[in-house]
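Single-structure report; data block below.
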Amino acid sequence: MTLKVGDIAPDFSLPAIDGQKISLADYRGKNVLVFFFPFAFTGTCTGEVCAVRDEMPAGSSDTVILGISCDPQYSLKAFAAAENLDYLLLSDFWPHGEVSEKYGVFMPERGMATRGSFIIDKTGVIRWLVVNSPGDARSVNAYIEALATLD
């Protein structure tokens, strides 16, 4: 599936690192950055998740950050602890890549999501997106700029 700006973001329910099920619908009324990354504990992914931690206002009153990978929940829990992450990481491990596929970023031949980022507004509409190759890091400044255009 190829998503575009103006589409309703596909809803999902995935386990967070503490086992709690998190759904996109839980955050209606807030802006949401959903970003998919290939694998925990890899160089580019670690750089990206730490840049989001360092440069974005996690837990802001009107924006939620959800990082998603196809790693198992327990790997993501160790990753979040190792990197002192202050936002939610969700596991798209089983059914493997199901949510990544809904967002058009799953690479079945590699068993992972590529680098896809989606800014979803308070009504559930995709307002900005970028999909990069697995080795091509994304810009946190682009997230900040896109979020600044939303109310």
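With contacts taken as Cα pairs under 8 Å at a separation of at least 6 residues, the chain carries a relative contact order of 32 percent.
The translational diffusion coefficient of the chain, from Stokes-Einstein at 25 °C and 0.890 mPa s with a Kirkwood hydrodynamic radius over alpha carbon pairs, comes to 163 µm²/s.
For the chain, the antiparallel share of DSSP beta bridges with both residues in that region comes to about 65%. Between the listed residues 95, 128, 142, the Cα displaced farthest toward the positive end of the dipole of the chain, a dipole computed from Cβ unit charges relative to the Cα centre, is found at 95. In the chain, helices alone account for a calculated mean residue ellipticity at 222 nm of -7500 deg cm²/dmol, with every DSSP H run of four or more residues adding -39,500 (n - 2.57).
Annotation: amide H of residue 7 within the under-5 Å range of 126, sequence separation 5 or more or interchain, hydrogens built in the peptide plane. Remark: the chain carries a charge dipole of roughly 160 debye about the Cα centre, counting +1 on each Lys and Arg Cβ and -1 on each Asp and Glu Cβ. Mean-square fluctuations from a GNM of the chain, with a 10 angstrom spring cutoff on Cα atoms, peak among 108, 15, 38 at 108. Taking 7 Å steps out from each Cα toward its Cβ at residue 7 and residue 78 produces label points 3.4 nm apart. Rounded to the nearest 0.05, what FRET efficiency do residue 46 and residue 148 give with R0 = 35 Å and r taken as the Cβ-Cβ distance? Could you check? For residue 46 and residue 148, the calculated efficiency is 0.85. Candidates 52, 63, 114 compared by Cα position along the dipole of the stretch 29-132: farthest toward the positive end lies 63, with charges placed on Cβ.
A simple spin-label model places pseudo-atoms 7 Å from Cα toward Cβ; at residue 141 and residue 18 they are separated by 3.5 nm.
When peptides 30-36, 61-67 are ranked by their average number of other Cβ atoms within 10 Å per residue, the highest-first order is 30-36, 61-67.
Values quoted throughout were computed directly from the atomic coordinates according to the rules given, and no laboratory measurement underlies them. Note that the structure is a prediction, hence the values are computed from the model and not measured. As a convention, Cβ positions derive from the backbone with ideal geometry for all residues, glycine included, and neighbour counts pool all protein chains shown.
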